[in-house]
Amino acid sequence: MKVLIIEDDESILNMLKRGLEDEDFVVDTAINGEDGEYLASTNHYDVIIVGAGIAGLFAAIHLPKDKKVLIINKRETFKCNSFASRCKFKSIL
């Protein structure tokens, strides 16, 4: 399974990447939304993980709506769900 992680906190990004690679996932990463948007538009990913910070939310707004997106959030869950519903994602995991 191929995964893209878009997260501006390098420690979280690296932790997620190592954990997924340890489970034999193929992982690409982006530290900002622009790079994440580019990778998402030029590669096939089974799932895209975005942080709820600036980089992730920027990328999430611009991702194709048919992508499976997992938003990770250190904040209040209802804010994340509200954002996701406004973006009209096809699938939120």
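Extension gain for the segment ASN14 to LEU70, taken as residue separation times 0.36 nm less the Cα-Cα distance, is 18.5 nm to one decimal. One chain, two ends: LYS2 and VAL26. Fully extended at 0.36 nm per residue, the span grows by 8.2 nm beyond their Cα-Cα distance. Inter-label distance, ILE61 to ASP35: 2.0 nm, where each label sits 7 Å from its Cα along the C-beta direction. Under a 5 Å amide H cut-off, with hydrogens placed 1.01 Å from N, VAL50 pairs with ILE6, LEU70, ILE71, ILE72 among residues at least 5 apart or on other chains. The aspartates and glutamates whose alpha-carbon is closer than 17 Å to the alpha-carbon of LYS17, local same-chain residues fewer than 8 away aside, are GLU7, ASP8, ASP9, ASP28, ASP35, ASP46.
No value in this document is a laboratory result; all are computed from the given coordinates. Predicted, not measured: the structure shown is a model, and the values here were computed from it. In this analysis, Cβ positions are derived from the backbone assuming ideal geometry, glycine residues included, and neighbour counts consider all displayed protein chains.
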